[in-house]
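*Asks:* Handing you a structure now.
The values are calculated or read from the model by the stated rules, or taken from the named source; none is laboratory data. Small disclaimer: the values here were computed from a predicted structure and weren't measured. Cβ placement follows ideal geometry from the backbone for every residue including glycine, while neighbour counts extend to all protein chains displayed. Each accessible area value is taken on the protein alone, full model and side chains, heavy atoms only, with ligands, DNA and RNA left out. Shrake-Rupley method; radii C 1.70, N 1.55, O 1.52, S 1.80 Å.
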Amino acid sequence: SSGINAEYGAIGQKLKFVPNIGTMFPSDMALADRLEVCTSQGFSGIEIAFPYTWSISEWEESLRLHPVSVTLINTPLGENREPGLAACHDKQDKFLAGIRKGVEYCKALRCSQLHIMAGNEAHFDGQRQVFLENMKKASELLKGEGIRGLIETISEGTIPGYYLNDVKKTLDLLEEIDSDCIFFQFDVFHLSMLGHSTEQILELFDCNRSKIKHVQVAQPPHRIEISSPGDIDYTAIFNHFLAHAYTDDHIGLEFKMSSYGDASLADDLLDFLKRF
């Protein structure tokens, strides 16, 4: 096969890139059409933050027509469109309802990873304890279903006031959660926006390798395709991932396309990805 995720000769397996079908395609594009573009261009997996735009039956029908593995979804937004509820005051019932809805979609889509969003509620006394208690309850629910939970550091410019807006804080909390089914979602774009250089990002990756189960990428500061020049040297990043055998878990292409053709992703992006 000449697909993006095909075997890489005798060198080993290529990096497993998965398009984020929420960010890479026009918002009015049908689900089945998005999946068709991905499969026709050689991708065997996808990710999507919010699959809830479509019903489970729509997903099942689209996946039947265009079989592809769903590698990651997020917990739903709160009823007031809050970016998660894990660190929100007095909302544990709603938080757990969101986890259950995420689990329902994970099971229907055969997705084994759920990004648990923390929210951006203003600081309150006991917030850390609320977050830890919620995460421990979530981890019990997920463990019973064989689903992995992920938490992510998100930069201030993307979601102002997001609770996990610092990588050290996120990693400290992950250690305190101390669950064998909660891991770190390593987003290169957010780390760059928080001031980390390519070299510092690779150092963070190496130091926390065992905690990382999903990577996401985009070119800062405009969150566009990684084949564009910008602050991050993605050739160095991906060569490092290959050298350190990051070949079992996925790399989500979570960016906006600066231009989108009728039924294809840009050739320069595909050519860039095929190098790895």
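*Asks:* Pick out, in residue order, every one of the trypsin sites (Lys or Arg not before Pro) in the stretch 109-167 that is DSSP loop and has at most 16 other C-beta atoms within 10 Å; say none if there are none. Spell out each step's value before the answer.
*Replies:* Working: sites: 110, 128, 136, 137, 143, 148; in loops: 110.
Hits after loop and neighbour filter: 110.
*Asks:* Continuing with the same structure: How much accessible surface area, in Å² rounded to 10, belongs to the heavy atoms of residue 207 with a 1.4 Å probe?
*Replies:* 100
*Asks:* Whenever you get a sec, compute what percent of the accessible area on the chain sits on carbon and sulfur atoms (1.4 Å probe). Present the calculation step by step, with values, prior to reporting the outcome.
*Replies:* Working: 5850 of 12290 Å².
With neighbouring chains kept in place, the figure for the chain is 48 percent.
*Asks:* Can you give me the angle between helix 127-145 and the longest principal axis of the chain, using Cα atoms only, in degrees from 0 to 90, rounded to the nearest 10?
*Replies:* Taking the Cα atoms of the chain, the angle to 127-145 is about 60 degrees.
*Asks:* Now for a separate question. Provide the per residue accessible area, probe 1.4 Å, for the chain, rounded to a whole number of square angstrom. Before the final figure, lay out the partial values.
*Replies:* Working: 12290 Å² over 276 residues.
Averaged over the residues of the chain, the accessible area is 45 Å².
*Asks:* For the chain, take the longest principal axis of its alpha carbons; what is the angle in degrees between that and the long axis of helix 31-40, to the nearest 10 within 0 to 90?
*Replies:* Rounded to the nearest ten degrees, it is 50.
*Asks:* Now for a different question. When all alpha-carbon pairs of the stretch 1-152 are counted, what percent fall beyond 26 Å? Kindly include the intermediate steps, with their values, before the conclusion.
*Replies:* Details: 3880 of 11476 pairs.
Everything past 26 Å amounts to 34 percent.
*Asks:* Please report the antiparallel percentage of DSSP beta bridges with both residues in the chain, rounded to the nearest 5. Let's see the in-between values first.
*Replies:* On the way: 4 of 29 bridges.
In the chain, approximately 15 percent of DSSP beta bridges are antiparallel ones.
*Asks:* Show me 112-120, 177-185 ranked by packing, highest mean number of other Cβ atoms within 10 Å first. Write out the running numbers ahead of the final one.
*Replies:* Working: 112-120: 23.7, 177-185: 18.3.
Per-residue Cβ counts within 10 Å, averaged per peptide and sorted highest first, yield 112-120, 177-185.
*Asks:* If I take every Cα pair under 8 Å that is 6 or more residues apart in the chain, average their sequence separation and divide by the length, what percent do I get for the relative contact order? Don't skip to the end; give the middle numbers.
*Replies:* Numbers: 491 pairs, mean separation 51.9, N = 276.
Value for the chain: 19 percent.
*Asks:* Could you sort 242, 63 by accessible area so the largest value comes first, with the probe set to 1.4 Å? List each step's numbers first, then the result.
*Replies:* Details: 242 50, 63 30 Å².
So, going from the largest accessible area down, we get 242, 63.
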